[in-house]
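Structure first, then comments.
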Amino acid sequence: MKRCQHTYWANFKNIDGYLFRFDTRIYLKPISDVLPNDECIGAVVGKNPGSASPLYHSDGIIPIDIGNDKLLPTLKSLIEKSYNNSNLSLPDRKYIQVMNLFYLCEHNLPLAIHKNMRSQKAITCKSECNNYPWIWYLWGNGRDNNAKLLNAFKQRFRTIKSEHHFYLDKNSSQIVWSMPDATDFAKHLQGIPHRKVLPTISYLILQQKNEPN
């Protein structure tokens, strides 16, 4: 019998009574299992995982029950459009890595921050140690009260490795080719007109396509 295929995958863990989501992946084409040689084509950094939960309980990377989560499907749609704009077919076994300022699953951001601050130790994801073709920062406002509590988490991404760092600046409505400072407004994916970022993603995809193996 053919196994079910899924697009969104992650490693869920219960730590100190809270659910955390690590190594979140958006596969460009659905897969039935994760393989060691699957290739990451780029990454994003958001605030926290929100409300998505495991489809079932098991060790390791498993499918995600998206529920009301909007970020992952929206990002998947945008990447698909970028491939289409570049006249390229979606490749097999390629994925986008999703990292977060913190990894506690909670849709209510103030409550998520409160719960995360109660943790006895900093909980990060091993995916932050990888080298990525590009990283898109989506962590939103850097100046409101909630954001100020998150600014300390942003510092560790200063050492993350990537050939291209970028974000859409809320104030200028322009792509900035660098990692945002803590107080910069790196526009969240929600509400972004796709036309603002499609040329950038398409450019990066074509650049990867044209690189020698």
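No value in this document is a laboratory result; all are computed from the given coordinates. Keep in mind the model is a prediction, meaning the values are calculated, not measured. With ideal geometry, Cβ positions are generated from the backbone for all residues, glycine too; neighbour counts draw on all protein chains shown.
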Selection from region 8-46 of residues in contact (Cβ under 8 Å) with a residue 24 or more places away in the chain, exposed (fewer than 13 other Cβ atoms within 10 Å of the Cβ) and either among the hydrophobic types (A, V, I, L, M, F, W, C) or assigned to a strand (DSSP E or B) (or both) yields P30, L35, E39
Reported set for region 23-48 where residues are at negative phi and in contact with a Ser or Thr (Cβ under 7 Å, 6 or more places away or on another chain) is I26, Y27, P30
Conditions (1) farther than 20 Å from I201 by Cβ; (2) assigned to a loop (DSSP other than H, G, I, E, B) -> N116 fails only (2)
Over region 189-203, the set of residues among the aliphatic types (A, V, I, L, M) and part of a helix (DSSP H, G or I) is V197, L198, I201
By residue number, the members of region 169-213 that are in contact with a His (Cβ under 8 Å, 6 or more places away or on another chain) and surrounded by 15 or more Cβ atoms within 10 Å (Cβ to Cβ) are M179, L204
Q: Could you tell me whether any residue of region 152-175 is among the small types (G, A, S), in contact with a helix residue (DSSP H, G or I) (Cβ under 8 Å, 6 or more places away or on another chain), free of Cβ contacts under 8 Å to residues at least 60 places away in the same chain and farther than 23 Å from I66 by Cβ?
A: yes
